[in-house]
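Working notes, structure below.
Where a number appears in this text, it was derived from the coordinates with a stated rule and is not lab data. Because the structure is a prediction, the values reported are computed rather than measured. Using ideal geometry, Cβ is built from the backbone for each residue, glycine included, and neighbour counts are taken over all protein chains shown.
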Amino acid sequence: MLFAPLVHSIRLLSGRVRYAVLSLLLLIVAATTFPAQAAENTLDTPDAAARKHYDIPAGPLGRTLSHFATIAGIALSFDPALTEGLTSPALTGNFSVSEGFNRLLANSDLELIRNADSSYTLRRAPIKAAQAGVTALPVVTVSTSTENADDTGYVAKRSSSGTKTDTPLIEVPQSISVVTRRELDMRSVQDMSEALRYTPGVVVDQWGFEGRGYEYLLLRGFQGLTTSLFRDGLSMAAQGLYFGSFITDTYGLERVDVLRGPTSVTFGRGDAGGIVNRITKRPSADPIREIELQYGNFDRKRIAADLGFANNDRSLMFRLVTLGLDSDTQVRYPNTGGDRAGLRRFYVAPSVTWHPTADTTVTLMGEVLNNRAEASPFFLTTPDGRHTDVVQTDSKFVKYATNQSSFSYQIEHNFNETFTARQNFRYMQQDGNFNDMFRAGFDADIPTLMQRSAMTTKERLTQTVLDTHLQAGLDTGPLNHTALLGVDWNRTNASLRFFSGEAPGIDVFNPIYGISVPVPDSLDIDAKQEIDQLGIYLQDQIRYGENWILTLSGRYDRVDTKDADFLSTTNTRNRDNAYTGRAGLTYLFSSGVAPYVSYSQSFLPLPGLDSSNRPFEPTRGTQYEVGVKYQPAGGRSLYTVAFFDLTKTNVPTPDPDDPFFRNRQTGEIGSRGVEVEARAELLRGLNFIGSFTYHDVTVTKSTDIDKDKMPIQVPHLMTSAWLDYSLGNLGVNWLRGFGIGGGVRYVGRIFNDLENTSTTPSYTLFDAMLRYDNGPWMFTINASNLFNNKYLSYNDPGWRAYPGLERTVLGTLKFRF
């Protein structure tokens, strides 16, 4: 019964996405029509697949490879000229042969092949044609796809999030950050807000503790709750009609890519701040066997497993990721003897990858996520504006229950050395049942009594996304082109039934909980919305010589919106069209320095009518960005500095001449600033993440009191740093396997109101980590907000307060076998 939601999702596909299924079949037929010689040998022999312990220092690549081969017991041969001048990182821990080579070759353009006699040979990558008696080893090829790129450390080298092509980060003419799986594990990340805490340009935890799974964030000063959500390059930025919003469990992710600035030319509709692309764990040729137990304060208990295997010839690979969570939270109901709000979650994600030919890859992925939260993060303030620890709702009534499931596939086929076709598809649905209370003002006769109303919502949110594109590698004289032509389709359906009812008031100085609340029975909203988006895009990455890279992109989108109000029996339709573009120029110096300049656009359709009864036009975003990226040769590091000037137009603002106080689209918001990021292995075993953000966000055009003011919740200044050191590198035997880490995060003050008369103070938080990694076992202790700093994320005077996250301590035991 655990897989019932997933099975239901798959059944729905046949009626909703016939075009997608037909396209899938056609692509498979095309793939098998152009067969390539299959690999004759497997990646690793049983001995090579076994894990051994290595403690090899960083050094010249040739010497390090020879040392590794000796310990692994394999025969390795290569031309010394291939490794001349190259260095490798240190290798400490338990690895299979393929895992070890992946790490040692991470900073090179080399790949390993296994010969017919089971010996190994080094060569430059890529080599397309299979050679007689020799089999290429795709999983130890450094030049691999984005999702399979080497992310064993803190520094990723490549991404497809910026261009939909597998491109080195240093060549993308836009700000992009990658949070690797290693970082997620070392910081014991539990949700998306935690994942992005050390990323420049991103504001998280803006409403304090969030147990419902909502991913509130700001990108360059603009809201990204629903507009920035992407998964595996496909939109999951679907907005329900009230609470509905897709959620993510970070244990199921391989990495997180953050692309800052307008991105509509690549992904279609979206706000001006950028996107966050979550990359899902998927099958691997190497065995994956991991079981994790976790316990923390607030009686947090979690068990998780990540299991993967492949058949003998690696043509079929499987993976299963799952977890269960049962926890209390920091939300405590006063006068109840310590009752706390609970949080429970179940997650399972099976996947399979099939290689029908050497040039074709088909990956199928499913996911079920059920979440139960017993609190909303709303705390009442007193009549004179002071914040309290009084929870607005009632422990016996509040409920946020979501059942979410999805099915997706990814197909890639290389027709030849020039053309590659890809198709990505996902269907996702979420059913939500929510109970909560909202405040109705203080009682006139009893000034400390807050009147409340109860509400119940029943929501459904579904999204179907299909992206098909053809990539071509061409030469025209001295120019080398990586061209992309694609079409994508995105349909979102949202329905809502909203009920309201009476609820007892609550005294902010003497709250009483557990009082019976009548079931809300007044149907106030019964509505449905459908959004259809169809886009066609063209991109060309043009390389001239070894230094110049010009990126040009263009896109056309058509968006149809249908709204139905079943209570008033009214229906509205609206169609929006938008052209967006991007141009970027990068120059690659041989030293690893890459200055760039770019221009990009975005658009975001808006529901509703303006004061002239005309449908709202989409908001538009335009950005100019100039920056420098630096990636030293042979080092595991990436440094970026970006200056940007971003403007969002067509922002709704009150029409002073309208008697009904409706809006017109004459508003404008400007965002300028600088973002700095460093990700590096400073010394052997010492990893560093640092970020600095300065934002000057201003409402430049408005008819309201916010003109020339800063939007609420946007800090001018943020900075953070994280260090992680493996103590075994000190050369002391008893310290082998031990590691320590720590971080500091500073968030500047924010404004609470449109007039900028009230502020929430800045705050500084410290994090810490201690780990012991020995053979198959790894134990970590992580503390977030180590010194339990009491702070507010946001304070709405006379209304509600949002306390920041309290100290969280987690102990995690991981067994790899």
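Structure notes:
- With neighbours defined as other Cβ atoms within 10 Å of a residue's Cβ, the residues 161, 516 order from fewest to most as 516, 161.
- Cross-link reach list, lysines versus residue 164, counting only Cα pairs under 25 Å and skipping chain neighbours closer than eight places: 128, 281, 629, 648
- Working note: 222 nm ellipticity from helices only, DSSP H runs with n ≥ 4, each -39,500 (n - 2.57), summed and divided by the residues of the chain, gives -2500 deg cm²/dmol to the nearest 500.
- Rg and Dmax of the stretch 146-215, Cα atoms only, in Å: 13.6, 38
- Sequentially through the stretch 262-273, phi angles give Karplus couplings (6.51, -1.76, 1.60; θ = phi - 60°) of x, 9, 4, 5, 9, 10, x, 4, x, 7, 6, x Hz, Gly and Pro residues having no value and appearing as x.
- Spin-label proximity, residue 547 to the stretch 166-181 - amide N less than 17 Å from point 7 Å beyond Cα toward beta carbon: 171
- When restricted to Cα atoms, the stretch 643-759 yields an Rg and a Dmax of 22.5, 78 Å, respectively.
- Proximal lysines to residue 528, defined as alpha-carbon separation beneath 18 angstrom and excluding residues fewer than eight positions away on the same chain: 458, 562
- Counting beta carbons within 10 Å around each of 56, 279 and listing the fewest first gives the order 56, 279.
- Coarse-grained scattering of the stretch 154-276 at q = 0.14, 0.19, 0.21 Å⁻¹, given as base-10 log I(q)/I(0) from a Debye sum over alpha-carbon atoms: -0.56, -1.08, -1.34
- As a proxy for reagent exposure, ranking 183, 194, 546 by other Cβ atoms within 10 Å from fewest up yields 546, 194, 183.
- log₁₀ of I(q)/I(0) at q = 0.14 Å⁻¹ - the stretch 684-817, Debye sum with one point per alpha carbon: -0.77
- For the peptides 313-319, 163-169, 609-615, the ranking by packing is 163-169, 313-319, 609-615, with the highest mean count of neighbouring Cβ atoms within 10 Å listed first.
- q = 0.13 Å⁻¹, the stretch 563-633: log10 I(q)/I(0) [Debye, one scatterer per Cα]: -0.60
- The magnitude of the dipole of the stretch 551-644, with charges of +1 and -1 set on the Cβ of Lys/Arg and Asp/Glu and taken from the Cα centre, is near 340 debye.
- Rg ratio (alpha-carbon, reference 2.2 N^0.38 Å) - the stretch 542-670: 1.54
- Nitroxide proxy distance, nm - points 7 Å out along Cα→Cβ at residue 662 and residue 516: 4.6
- With the highest mean first, a sort of the peptides 445-451, 730-736, 598-604 on other beta-carbon atoms found within 10 angstrom per residue produces 598-604, 445-451, 730-736.
- Distance between the 7 Å Cα→Cβ label points at residue 55 and residue 307: 3.3 nm.
- Against the compact-protein benchmark of 2.2 N^0.38 Å, the Cα-based radius of gyration of the stretch 385-428 scales to 2.62.
- When only Cα pairs below 8 angstrom with a gap of at least 6 residues are kept, the chain shows a relative contact order of 10 percent.
- Radius of gyration, Dmax [the stretch 414-528; alpha carbons; angstrom]: 27.1, 84
- The convex hull of the Cα atoms of the chain, projected and averaged over all directions, covers 34.4 nm².
- Taking Cα atoms only, the orientation of helix 61-72 departs from the longest principal axis of the chain by about 90 degrees.
- Environment charge of residue 449, counting only residues whose C-beta is closer than 13 Å and scoring Lys/Arg +1, Asp/Glu -1: -1
- Helix 4-16 and the longest principal axis of the C-alpha atoms of the chain enclose an angle of approximately 90°.
- Taken one residue at a time, the phi angles of the stretch 355-366 give Karplus couplings (6.51, -1.76, 1.60, θ = phi - 60°) of 10, x, 9, 5, 9, 10, 10, 10, 10, 10, 9, x Hz. Gly and Pro are set to x.
- For residue 502, the amide hydrogen comes within under 5 Å of the amide hydrogens of 454, counting only partners 5 or more places away or on other chains and with H modelled in the peptide plane.
- In loop segments of the stretch 656-688 as defined by DSSP, the chymotrypsin sites (Phe, Trp or Tyr not before Pro) with at most 11 further C-beta atoms inside 10 Å of their C-beta are 660, 661.
- Top positive-direction residue, dipole computed over the chain with Cβ charges, set 739, 251, 785: 739
- Under the criterion of Cα pairs below 8 Å and six or more residues apart, the relative contact order for the stretch 243-399 equals 15 percent.
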